[in-house]
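Below: the structure, in C-alpha cells.
Computed from the coordinates by the stated procedures, all read-outs in this text should not be read as laboratory data. It should be emphasised that the depicted structure is a prediction, and the values quoted were computed from it without experimental measurement. A quick note on method: Cβ atoms are made from the backbone with ideal geometry, for glycine too, and the neighbour counts reach across all protein chains shown.
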Ligand SMILES: Nc1ncnc2c1ncn2[C@@H]1O[C@H](COP(=O)(O)OP(=O)(O)OP(=O)(O)O)[C@@H](O)[C@H]1O
Ligand SMILES: [Mg+2]
C-alpha cells in the first residue's frame, strides 16, 4: 500500500521537476525569510549559478540591491494580504547588457494554512521593451527637422561673428598690425563663438540619446534644455512663452525618463508653434505658449497651453491615435508617442481640453513614492 503511494508521489515529483525545468520562464520559490527553496534551470542559467549555490541564499545575491530592497517590502506586504503581485524589473547581466522582466509573485500556503513563502515566475519582456524604445527613438527623428532648423538659426550668428573676426585678422595681418596681444584677443573671441556652437550641438546629441533608466530630474532644467534648442525658432516667430512654476525658488523633481519626457514636451510645443505660425500668416496675431508646473499630493503636473484656437470635437476624439493628423505631410505620430511614453512607460496620464479659445495639454506624472 505504502509503496504504491510512494511510487505515485515519486512519479508526480519527477513530473513536476521536468515540467518546471522545461519552462522557458525563470521560476523560483522562497520561504518566509526570503531564502530560495527551489528554482528551475532557466533561473539558474539566468543568474549563472548552480541550483545548489542558489538554494538557501537571499535575493540580494542575484538581483540588484535596489530591486531586492523594494521586493523585500513587497514580499512582506503580500504575505500579509495574500494578493498576487506583478512588477517590472531591470536585470543587468554579467556582460553589461540589460534584460527586462515582469515578476509574477504569488504566496503559497503550507498544509496547516500558514504562509509558506512566495513563488515567482519571471517573464522576459526585453524584446517588447526594445521594440517600444525603437519606436520612441524613431519618433524622435520626426522632431529632428525642427531641431536642425533651430540649430541652423543658432549657428547663424556665431558664424557671422567668426567670419567677421577672420576677415579682421586678415586685414590687420596685411597691414602688419598683428601682435601677440591682439592675436590672443582674436583667439579668445573666436573660441567663445565656437564653444557656443558646440554647446548647441551637444544639447541636440543629448536629446537624441535614449534614457534607459527611470531617475529623478529637474523639470525646470529640462524645460531650459528644450528652449536652448528650440527657443530661437520660437523667438523668431514672435511667440511669447510664459513659464509659470508653483515654486519659483526651487527645482521641481520628476521621476521618470528625462529624454523621453523632453520629447513629449517638444512635440506639444512644436504642435502649438506650428498652429500659431499658420495663423500668423493670415493676420496679426500674438501667439502665446504657457507652461505651468505644479504638484498635488500624488502627481507632478505639467500644463502646456496655447492661445491659437480650440480643437474641433471630431479631431479631439482621435488626437492620441497613431497616424492621426490634420496636417499635410504630418505623421500623426507625435501625440500617440506622447501617450505611450507618459502612460505606458511613466504610468502617468496625458489629456487635452479646450478652455475657451485655448488648448490645454495636461500631463500628470506620479510622484516617486506613489
Ligand atoms: N495644440 C494643438 N491645437 C490644435 N490641434 C492640435 C494641437 N496639437 C495637435 N493637434 C492636432 O492633433 C493632430 C496630431 O498631432 P501629432 O503631433 O500626433 O501629429 P502631427 O503634428 O499632425 O504630425 P507631425 O508631428 O508629424 O508633424 C494634429 O494633426 C492636429 O490636428
Ligand atoms: Mg506633431
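Observations, loosely collected:
- Residue 296-residue 186 FRET efficiency (beta carbon distance; Förster radius 56 Å; 0.05 resolution): 0.55
- Once the C-beta distance of residue 352 and residue 137 is scaled by a Förster radius of 22 Å, the resulting FRET efficiency is 0.35 to the nearest 0.05.
- Axis angle, to the nearest 10 degrees, between helix 219-236 and the longest C-alpha principal axis of the chain: 30 degrees.
- In a fully extended conformation the segment linking residue 33 and residue 171 would gain 41.5 nm over its present Cα-Cα distance, using 0.36 nm per residue.
- Angle in degrees between helix 2-22 and the longest Cα principal axis of the chain, rounded to the nearest 10: 10
- Summarised in one figure, the compactness ratio Rg/Rh of the range 257-364, Cα atoms and Kirkwood Rh, is 0.96.
- Extension gain for the segment residue 53 to residue 198, taken as residue separation times 0.36 nm less the Cα-Cα distance, is 47.0 nm to one decimal.
- Note on 188, 196: ascending count of other Cβ atoms within 10 Å places them as 188, 196, the fewest first.
- Extended-chain gain in nm, criterion 0.36 nm per residue less alpha-carbon gap, residue 61 and residue 83: 5.4 nm
- R0 of 45 Å, Cβ-Cβ distance residue 152-residue 73: FRET efficiency to nearest 0.05: 0.30
- Relative to the longest principal axis of the Cα atoms of the chain, the long axis of helix 65-81 lies at roughly 50 degrees.
- Stokes-Einstein D for the chain, Kirkwood Rh over Cα pairs, 10 °C, 1.306 mPa s (µm²/s): 63
- The tail of the calculated P(r) for the range 36-130 beyond 21 Å holds 34 percent of all Cα-Cα pairs.
- Residue 274-residue 238 pseudo-label distance in nm [points 7 Å out on the Cα-to-Cβ vector]: 2.3
- The modelled label-to-label distance for the pair residue 285/residue 100, using points 7 Å beyond Cα in the direction of Cβ, is 3.9 nm.
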